[in-house]
Amino acid sequence: MTGVKDKIEEYRRNLELVRSMSADGTEVFHYIIDLGKKLQGNALSEERRTPDNQVTQCQFNLFVDWEDGEWRAFSDGMISSGYAYILLDVFNSITPEEAQRVSTEDFQALGIDELLSMNRSTGFYQMIDIMRRNAEHVS
């Protein structure tokens, strides 16, 4: 689980640095949106965008699943694409067996609850739960 903790710490430091660059905190959203743009280059295929893979607590369409040997996601929302990218990066750095042991508490250090609206943070944590559940089927 040190891989998870190291990745989360890397993002925590990045978010903290970006927050410090702007007095009103808007730069952190630009950072998250920029991460989300990277998601679109390797998005989850349309065939995998099913109700079982949908993050229903997200305001926008957001889907996540294991495809072609890695975690992939699709979202039509800018912020949700960004937090999906972060989660994919973390989960793709560990094995599916390790993914099953990840908890939402592991991500508390990111400060998502303070950063995102309640709906967005609920979607963020639901995405973690879906990835944990789906990891059982890939290992």
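The values are calculated or read from the model by the stated rules, or taken from the named source; none is laboratory data. Bear in mind the structure is a predicted one, so any value in this text is a computation, not a measurement. We place every Cβ from the backbone using ideal geometry, glycine too, and count neighbours over all the protein chains shown. When the accessible area is computed, the model is the full protein with side chains, heavy atoms only, and any ligands, DNA or RNA have been set aside. Shrake-Rupley method; radii C 1.70, N 1.55, O 1.52, S 1.80 Å.
As an equivalent ellipsoid, segment 73-139 spans semi-axes of 20, 13, 10 angstrom, where each value is the square root of five times an eigenvalue of the C-alpha gyration tensor, largest first.
Note down the Stokes-Einstein diffusion coefficient of the chain in µm²/s, whole number, using a Kirkwood radius over alpha carbon pairs, 25 °C, and 0.890 mPa s. All intermediate terms of the calculation are to be shown ahead of the outcome.
On the way: Rh = 14.9 Å.
Here the translational diffusion coefficient equals 165 µm²/s.
Sorted on the mean count of surrounding Cβ atoms within 10 Å across their residues, most packed first, peptides 59-69, 21-31, 74-84 read 74-84, 59-69, 21-31. Couplings 3J(HN,Hα) of segment 15-20, computed from phi: 5, 4, 4, 5, 4, 5 Hz, in residue order, whole Hz [Karplus 6.51 cos²θ - 1.76 cosθ + 1.60, θ = phi - 60°; x for Gly and Pro]. Result for the chain in a Gaussian network model with C-alpha springs under 10 Å: among Leu44, Leu88, Leu116, the largest mean-square fluctuation is at Leu116. Mind checking which aspartates and glutamates have their C-alpha under 13 Å from Lys37, skipping anything on the same chain fewer than 8 residues away? Hits, sequence-local ones excluded: Asp76.
Rolling a 1.4 Å probe over the protein heavy atoms gives segment 14-99 an accessible area of 50 Å² per residue.
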